[in-house]
Amino acid sequence: MIKFKKIKIDKQKNIFQNIQYLGKIYNLIKKYNNYLNDDYYSTYDLFEAIINLVIQTSPFFWVILQNEEFVGFVYLENLIGNKKHLHSAEIVTAFKRKFWGKTTKICAKKFITYCFKKLKFRKLKAVVFKENFRTEAILKSCKMELEAELKAETIKNKRLQDIKIYSIIRGKRK
């Protein structure tokens, strides 16, 4: 059974909820940093960067568990809207390699449904580096459509890098 468990922080008290997963999140980001970030992402102190990421995205950061085993994580960033009406957000996720394929597709569909039904988002987006064809396949299986391809949008591995933006709009699913 797949579950999403929130990682969040009480910003006033600096108290983390579900802090026991931070090490697993760290290991996953360290392993797949090349697929998640460009050359501008500072990895000088990766653990501190992850703490800051959770703080900035709280309460929209979840670990994904299957039968209590850590599968990966997902978070929402670049939110548009306000406390009463969330309009759109960008999904960022990473999974342990052994869960790539069927599990990632199930998780993606379940999470998109959750964002539309429970959080009431109108639109969800995902930004993908051009060579990340596995993620593109998952996004397409969730009925996300290619919205744009931004040429030379960033630097990755010291070379200009294109990125693709996929999106899905609530009520417009095929």
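The values are calculated or read from the model by the stated rules, or taken from the named source; none is laboratory data. Please read these numbers as outputs of a predicted model, since none were measured by experiment. Positions of Cβ are backbone-derived with ideal geometry, glycine not excepted, and every protein chain shown enters the neighbour counts. For the accessible areas, the whole protein counts, side chains as well, though only heavy atoms, and no ligand, DNA or RNA atoms are used. Shrake-Rupley method; radii C 1.70, N 1.55, O 1.52, S 1.80 Å.
Can you tell me how many residues in segment 81-112 are among the β-branched types (V, I, T), outside any strand (DSSP E or B) and either touching a residue at least 40 places away in the same chain (Cβ under 8 Å) or open to solvent by 50 Å² or more (accessible area, probe 1.4 Å) (or both)?
Residues that pass the stated criteria total 3.
Determine whether D45 is touching a Lys or Arg at 6+ places or on another chain (Cβ under 7 Å) and more than 28 Å from G171 (Cβ to Cβ). Quick ask: steps written out before the conclusion?
On the way: touching a Lys or Arg at 6+ places or on another chain (Cβ under 7 Å): no; more than 28 Å from G171 (Cβ to Cβ): yes.
When the stated conditions are applied, D45 does not pass them.
Mind checking which residues of segment 33-80 are assigned to a loop (DSSP other than H, G, I, E, B), closer than 21 Å to I15 by Cβ and open to solvent by 40 Å² or more (accessible area, probe 1.4 Å)?
Listed by number, the list holds a single entry, P59.
Would you mind telling me which numbered condition in (1) more than 20 Å from V128 (Cα to Cα); (2) touching a strand residue (DSSP E or B) at 6+ places or on another chain (Cβ under 6 Å) I91 fails?
In the conditions (1) more than 20 Å from V128 (Cα to Cα); (2) touching a strand residue (DSSP E or B) at 6+ places or on another chain (Cβ under 6 Å), I91 misses (1) alone.
Hey, among the residues in segment 1-18 that are in contact (Cβ under 8 Å) with a residue 12 or more places away in the chain and among the aliphatic types (A, V, I, L, M), which one's surrounded by the most Cβ atoms within 10 Å (Cβ to Cβ)?
Looking at residues that are in contact (Cβ under 8 Å) with a residue 12 or more places away in the chain and among the aliphatic types (A, V, I, L, M), I get I7.
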